1. Pick out the one residue from Thr9, Thr81, Thr46, Thr69 that is under 18 Å from Ile157 (Cα atoms), surrounded by fewer than 21 Cβ atoms within 10 Å (Cβ to Cβ) and among the hydroxyl-bearing types (Ser, Thr, Tyr).
2. State the number of residues belonging to segment 139-167 that are of a type outside the set (A, V, I, L, M), under 14 Å from Ala58 (Cα atoms) and touching a Ser or Thr at 6+ places or on another chain (Cβ under 7 Å).
3. How about segment 150-164: which of its residues are touching a helix residue (DSSP H, G or I) at 6+ places or on another chain (Cβ under 7 Å) and either surrounded by fewer than 24 Cβ atoms within 10 Å (Cβ to Cβ) or of a type outside the set (Val, Ile, Thr) (or both)?
4. Could you grab me the full set of residues in segment 59-80 that are of a type in the set (A, V, I, L, M) and closer than 16 Å to Gly16 by Cα?
5. For segment 12-37, how many residues meet the condition of being open to solvent by 80 Å² or more (accessible area, probe 1.4 Å) and touching a Phe, Trp or Tyr at 6+ places or on another chain (Cβ under 6 Å)?
Amino acid sequence: MPFIAFVRTWIVSIVGCLPLLILLLIPELMRSRAGSEQLLIVGSLTLLVLLAAAFVFAPLMSAIAAPVTGRWTPRSALRRTRAVWSSRRGQAWLAVGGALLVYGAAQAVGYWVGAIAPSVRDNPAFGSGGSDARWIIDYPAYVLQAATIYAITTLAIASYGWRIRVICLTALTAAPADVRTGELAA
């Protein structure tokens, strides 16, 4: 059953993080060769905000995907996550560290996909006196790379939400606490 809970959490994360996918699919905001430096800065800051929000709400997405009546519900997930961070800080940091490793793998695999199917190439018409762009974006290859990064990034987000869920449920089972307030026993 834990594997099913994880898969369901990943599916909910894929749906819940759609704004991140939309951002990744806009090359002008995510590629220096497709847009200006200002657009790249806007895209990078937006990416940072969306990733931070996704990790903050990952436990909620986990609770939506795999609730446990009275112990892990959408209404209590964020409160219980705060309790996990208060009482089991080391385990919480390990959950973040594991998720960041998966996120790093997303970037590495995305780079590999980009090397196999390059999404940017020189424009041979550039510099001939016209107003042609310096680079040509191969959008299908760009979408493949963005979708790959998105799939693995949502896997990282789901892994964090699922791990916090496991920590919380284990803590509640090992040392029952005040379930109404979401506090965990130390």
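The values are calculated or read from the model by the stated rules, or taken from the named source; none is laboratory data. Keep in mind it's a predicted model, so treat the numbers as computed, not measured. Neighbour counts run over all protein chains shown; Cβ positions are idealised from the backbone, glycine included. Ligands, DNA and RNA are stripped out before the accessible areas are found, and what is left, the full protein with its side chains, is counted by its heavy atoms. Shrake-Rupley method; radii C 1.70, N 1.55, O 1.52, S 1.80 Å.
1. Values: Thr9 fails: surrounded by fewer than 21 Cβ atoms within 10 Å (Cβ to Cβ); Thr81 fails: surrounded by fewer than 21 Cβ atoms within 10 Å (Cβ to Cβ); Thr69 fails: under 18 Å from Ile157 (Cα atoms).
Residue meeting the stated conditions: Thr46.
2. Just the residues of segment 139-167 that are of a type outside the set (A, V, I, L, M), to begin with: 139-140, 142, 145, 148, 150, 153-154, 159-163, 165.
The next check asks that each one be under 14 Å from Ala58 (Cα atoms); those that pass are 153-154, 159-163, 165.
If we keep only those that are touching a Ser or Thr at 6+ places or on another chain (Cβ under 7 Å) too, we end up with 154, 161-162, 165.
Matching residues across segment 139-167 total 4.
3. Filtering segment 150-164 for residues touching a helix residue (DSSP H, G or I) at 6+ places or on another chain (Cβ under 7 Å) gives 150, 152-164.
Within segment 150-164, Tyr150, Ile152, Leu155, Ala156, Ala158, Ser159, Tyr160, Gly161, Trp162, Arg163 qualify.
4. Of the residues in segment 59-80, the ones of a type in the set (A, V, I, L, M) are 60-61, 63-66, 68, 77-78.
Residues satisfying the conditions are Leu60, Met61, Ala63, Ile64, Ala65, Ala66, Ala77, Leu78.
5. Looking only at that region, the number is 1.
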